[in-house]
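Written below as structure tokens is the structure these notes are about.
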Amino acid sequence: MPTEALESRLKSNGPSNVVLCGKQLELEHNISRNTSNTAPLEQPICQRANGFVNVVIIGQDDMNHVQTNNHINAVFHAMDYAHDTNTTLAIVENSWASKSLQLLFSHNLFGLSQPRWDINGETHLDFVIVKDEHDLRERLGYKQDNIISKTGDEMYYYHSNENISEIQTRREGALRILWTHPSRTNETSSDMCSAVNFHNRVENGGHLTNYQSFQSPYVVIHSRWMSRDGCLKRLGSLAHRIKNQTGVRIHRKAPCLMEPSYIRSILQSNSLLNTALDKSSPMSVPIYIISDRKNPKIIPKLLEDPIMGPNIRILPTNVSWVGSDMMLGALAEVFIGTPISTLSGNIARARVALGFDPKTNYLFPIANESKEQINGNRW
């Protein structure tokens with residue numbers, strides 16, 4: 001992943017300049033070609049999958065106990081599994097896997113007004129859409145002994161032993177093609193661009209005319225506290241593992257607490273915050289907060305901050321849903337997230353695929369030896 005067809009599209013008719021929710025992006029054609037586990041549609045898949053006679057199928061189980069971003073991660077981990085085991089990945093139609101992909105990325109995909117995921121997934125994203133195992137046997141010619149069924153949980157917790165940089169390179173093409181084809185609808189509650197469009201309208205004085213091409217910078221904070229102080233507990237365990245594996249000391253509280261001093265230090269280092277209290281001084285950029293609201297102290301503290309408070313923004317509920325929140329974060333000048341959150345992680349990965357500097361993603365602040373201060377590095 002990406003496939004040869006995807007690489008060809010990006011190099012030939014894939015534009016270097018893409019307008020996404022009103023924001024112009026410059027995308028370099030630098031996606032590496034990797035061996036695909038699928039091949040052109042003319043032959044039965046068991047004969048045309050580059051010699052891979054086994055298939056792993058996901059989506060036969062019920063994975064409704066977790067959220068959309070857990071589903072997305074499980075799909076990408078399944079792609080890793082298929083790559084690592086030299087198998088083809090099959091996704092059951094109308095399953096948690098296919099529905100999550102279509103929820104976020106189904107608008108005019110690859111030039112089709114009504115996207116055909118059974119064709120586009122296979123041609124561009126290294127998976128096939130099937131009805132069930134019977135479909136694999138009867139339509140695609142797989143033998144039962146060659147079909148490997150995996151649950152969503154098994155794939156969510158699967159971690160490839162491949163080098164992380166190689167995994168990132170392999171995923172970049174799929175992420176870019178998905179995120180440049182977001183779901184667009186007439187309903188703000190299902191339009192991926194609804195939050196960005198809201199920002200553009202507000203910053204453009206409320207005028208709707210030409211708002212889609214209006215570009216105004218902003219910052220997004222994603223606060224994921226979780227129930228029972230879950231953020232601090234999980235981040236503590238994650239920081240311990242990172243310290244043991246890499247020797248890098250990650251701050252164990254800052255990305256959970258989102259204290260004003262932490263946010264200010266990041267914004268100042270990116271020249272996005274005016275520290276002068278003189279009201280005649282230029283205002284800083286808007287700062288949007290996406291939050292699970294499990295910690296009632298985080299947002300009020302930021303609102304009360306004398307420097308940042310006037311620029312804190314909370315999205316109206318009618319334009320805020322998981323897809324629009326993610327797109328808002330994906331197109332921000334700077335994104336400050338919670339490292340134990342799948343939503344934060346997927347926003348950060350989308351930003352890199354869309355050409356943003358990885359240094360503008362703040363999820364893993366490095367702690368100084370004092371453990372009390374945070375330097376400006378990003379891990």
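The values are calculated or read from the model by the stated rules, or taken from the named source; none is laboratory data. Here the structure is a predicted model, which means the values were calculated and not measured. So basically every Cβ, Gly included, is an ideal-geometry build from the backbone, and we count neighbours across all protein chains shown. Remember, those area values only see protein heavy atoms, side chains included, never the ligands or the DNA or RNA. Shrake-Rupley method; radii C 1.70, N 1.55, O 1.52, S 1.80 Å.
At a glance:
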{"item": "Estimated inter-spin distance, residue 162 and residue 138, nm [label 7 Å along Cα→Cβ]", "result": "3.4"}
{"item": "Charge context of residue 267, other residues only, Cβ under 12 angstrom, K/R +1, D/E -1", "result": "-1"}
{"item": "The stretch 243-356 - percent of accessible surface contributed by carbon and sulfur, probe 1.4 Å", "result": "51"}
{"item": "Cα shape, the stretch 127-263, gyration tensor, a/c 1.5 rule", "result": "oblate"}
{"item": "Rounded to the nearest 10 Å², the accessible area of residue 169 at probe 1.4 Å", "result": "50"}
{"item": "Separation in nanometres of the label points that stand 7 Å from Cα toward Cβ, at residue 301 and residue 233", "result": "2.0"}
{"item": "Whole-number D in µm² s⁻¹ for the stretch 118-204, Kirkwood Cα-pair radius fed into Stokes-Einstein, 20 °C, 1.002 mPa s", "result": "127"}
{"item": "Convex hull projection area averaged over all views, the stretch 230-364, Cα basis, nm²", "result": "8.9"}
{"item": "Amide H contacts under 5 Å for residue 148, placed H, 5+ residues apart", "result": "55, 56, 57"}
{"item": "Out-of-range pairs (alpha-carbon distance over 29 Å; input 150/294; 233/359; 99/294)", "result": "150/294"}
{"item": "Solvent-accessible area per residue for the stretch 311-352 (1.4 angstrom probe, square angstrom)", "result": "23"}
